[in-house]
Amino acid sequence: MRLGSFFILSIFLAAPAWSVDPPSDASVRGGKTMEPKIIVNSGRLEWVPHKRELGAWPTLSYQDRRATPEPQRAAMTAPTNGDAARGKSLAWTWCIACHTLPGDEWPGTVGSPMWHYKQYNHADALVYQQIFDPRVFNPHTVMPAYGTFGLLADQDIRDLVAYLQSIE
Amino acid sequence: MTISRIALIFLLSFSTVAVAAQPFVYREFDLFEQYEPYVSGDLKLSGSYEYWKDPANLDYRIAGNPDENWKLNWKFMDPPFNQAVHGGHFALDRGEDLFGQLNIKGRFATCLGVKGGGKSTSKLAGLRAGYPRWRDDLKRVAGLEEVIEHCANKQGRVLQSGSYDNSAVSIYLASFSNGMPIAIDVARAGPMKESFERGRKLFHLKAGAFNFACSSCHSHNIGRRLRGNIITTPYGDAAHYPVYKTQYMLQSLHLRFVECNLDTRTQSLLPGSRPYTDLEVFMTALSNGYPVTVPAERDW
């Protein structure tokens, strides 16, 4: 009985540590991601809102007790129903920094080239999983998990699959 | 030597209650690397050290080639790259003014760690090359910019770490160490070594929306392209800070970490935060033996 109440009490006391808020040494003000602005001939930094809100994901802070989203299997339902044209536009936003895409004169070379992607004959579901969360195939991958981390929606990934599968 | 430790479960205590269970918080690490706390350690990582080890004899033909210039580790933008007056020179002047104001009684220099203190600037040589260091008064390892903030405070001035004036004083102090090799000891057991090890671990800790670690690019994809940028080595990259950049005017190393974090969609931390200082120790140790060079410029 005594042990039980102590256990419950310790969970209660520990609860604030599981907070989803960014840590106190993060550059966040009023819930917004801030970036520093240098003021010439001033001893103070000015902080202005950053163009993106980044407070939802784990940081490098020692106080950050939030977990990294774990690798997740995606179940893509057939048919793919992707819009290749929209997929191309998404690819030129999200993929092109690392992957070479046809028509790019400044190709990224961190990821594998996407030339002639169609020739690999990958199943749509496999390509979907690779974009949704590639850690399922390779835990060492440097590629972001666009689905698990909430960066791309289901239809976005379907459109990307349609575009990649269309690259002759 | 690579030790596979990906997807290690990161143990963190979640409560100050001593007897509370310590739950695992799932965090991921990039493949761990060993690093030598000396600039030539790059020979085992990227090998580009061959091209930039001698600042006086850089091959400027490589600098003109966008496919190859990453091999110079951007050292071609160190002085005397731009012999015209640039923002770094204005900062140097500003730093001199501020130092004069802060050090009227010689106490600012004493606080910074100049033996004997005093108003003479001759003893400032070598100061920058020995930071970050353990500070008895702060009870922790601190970088030069944090110490400038701390010592200016004692003189009644606010010089926040990362602010223009703080970096200006830092550049001015560093100018007395120009040409002197960075020399911090992270090999001997103690707080500096512990800080270096924490920094090394942080360098491999994945974070942010893209789940990148520093090492995802700067250890395991050096020489590869991110469109127009080519990824460089982490070795030899701390000797020219604070740096003049048009975007930031003056950028301390901690502000560079802020920019790195934001560019990789990771919530940044505050300049002077513990993780950034540990990363500073790590990065500075990887510059051990490379000469201090200010005022330098960089595009990124």
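The values are calculated or read from the model by the stated rules, or taken from the named source; none is laboratory data. Just so we're clear, the structure is a prediction, and the values are computed from it rather than from any experiment. Cβ atoms come from the backbone with ideal geometry, glycine included; neighbour counts cover every protein chain shown. Keep in mind that these areas ignore ligands, DNA and RNA; they rest on the heavy atoms of the full protein, side chains included. Shrake-Rupley method; radii C 1.70, N 1.55, O 1.52, S 1.80 Å.
The table below lists the values:
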{"quantity": "Accessible-area order (highest first, 1.4 angstrom probe) of the listed residues A:Thr148, B:Thr246, A:Thr33, B:Thr121", "calculated": "B:Thr246, B:Thr121, A:Thr148, A:Thr33"}
{"quantity": "Three-way shape call for chain B based on the alpha-carbon gyration tensor, with the a/c threshold at 1.5", "calculated": "oblate"}
{"quantity": "Prolate/oblate/rounded call for the range B:87-175, Cα gyration tensor, a/c under 1.5 rounded", "calculated": "rounded"}
{"quantity": "A:Arg86 accessible area, 1.4 Å probe, all protein chains in place, Å² to nearest 10", "calculated": "100"}
{"quantity": "Amide H partners (placed H, <5 Å) of B:Leu269, local residues excluded", "calculated": "A:Ser27"}
{"quantity": "Cut-off under 5 Å, modelled amide H: who pairs with A:Thr33 long-range", "calculated": "A:His50, A:Leu54, A:Gly55"}
{"quantity": "Shielding by other protein chains, B:159-172, mean Cβ within 10 Å", "calculated": "3"}
{"quantity": "Between the range B:140-181 and the range B:67-133, the Cα center-to-center distance that results, in Å", "calculated": "9"}
{"quantity": "Average beta-carbon neighbours from other chains, 10 Å sphere, peptide B:228-235", "calculated": "1"}
{"quantity": "Contact order relative to length of chain B, as percent, for alpha carbon pairs under 8 angstrom and 6 or more apart", "calculated": "24"}
{"quantity": "Cα Rg over Rh - the range A:84-166, Kirkwood", "calculated": "0.92"}
{"quantity": "With every protein chain in place, the range A:16-67: carbon and sulfur % of accessible area (1.4 Å)", "calculated": "52"}
{"quantity": "5 angstrom amide H check on B:Val141, placed H, neighbours 5+ away", "calculated": "B:Arg135"}
{"quantity": "Cβ-placed point charges (K, R +1; D, E -1), dipole of the range B:87-175 about Cα centre in debye, nearest 20", "calculated": "400"}
{"quantity": "Value at 222 nm in deg cm²/dmol, rounded to 500, when DSSP H runs of n ≥ 4 in chain B each add -39,500 (n - 2.57)", "calculated": "-9000 deg cm²/dmol"}
{"quantity": "The range A:16-67: relative contact order as a whole-number percent, Cα under 8 Å and 6+ apart", "calculated": "42"}
{"quantity": "Solvent exposure of the range A:84-166 as accessible area per residue, Å², 1.4 Å probe", "calculated": "45"}
{"quantity": "Accessible surface buried upon B-A contact (total; probe 1.4 Å; Å², nearest 100)", "calculated": "5400"}
{"quantity": "Convex hull projection area averaged over all views, the range A:16-67, Cα basis, nm²", "calculated": "4.3"}
{"quantity": "Inter-chain shielding of A:102-111 (mean C-beta neighbours from other protein chains, 10 Å cut-off)", "calculated": "4"}
{"quantity": "Of A:Lys37/B:Lys245; B:Lys115/B:Lys154; B:Lys53/B:Lys123, those spanning more than 21 Å from alpha-carbon to alpha-carbon", "calculated": "B:Lys53/B:Lys123"}
{"quantity": "Heavy-atom SASA rank of B:His240, B:His220, A:His116 (probe 1.4 Å, accessible area, largest first)", "calculated": "A:His116, B:His220, B:His240"}
{"quantity": "The protein assembly as shown - convex hull of the alpha-carbon atoms, volume per residue in Å³", "calculated": "174"}
{"quantity": "Over the range B:116-228: Kirkwood hydrodynamic radius from C-alpha pairwise inverse distances, Å", "calculated": "16.7"}
{"quantity": "Pair-distance profile P(r), taking every C-alpha pair of chain A, with 5 angstrom steps and integer %", "calculated": "1, 7, 12, 14, 14, 11, 11, 10, 8, 5, 3, 2, 1, 0, 0"}
{"quantity": "Solvent-accessible area lost in complex, 30 Å² minimum, residues of the range B:193-223 relative to chain alone, 1.4 Å", "calculated": "B:Leu202, B:Lys206, B:Gly208, B:Ala209, B:Phe210, B:Asn211, B:Phe212, B:Asn221"}
{"quantity": "Cross-link reach list, lysines versus B:Lys201, counting only Cα pairs under 21 Å and skipping chain neighbours closer than eight places", "calculated": "B:Lys44, B:Lys193"}
{"quantity": "Length-normalised contact order for the range B:87-175 - Cα pairs under 8 Å, 6+ apart - percent", "calculated": "36"}
{"quantity": "Eligible lysines near A:Lys88 by straight Cα distance, threshold 29 Å, same-chain separation 8 or greater", "calculated": "A:Lys51, A:Lys118, B:Lys206"}
{"quantity": "Selection from B:Pro23, B:Ala207, A:Cys95 lying farthest towards where the dipole of the protein assembly as shown points positive, charges on Cβ", "calculated": "B:Pro23"}
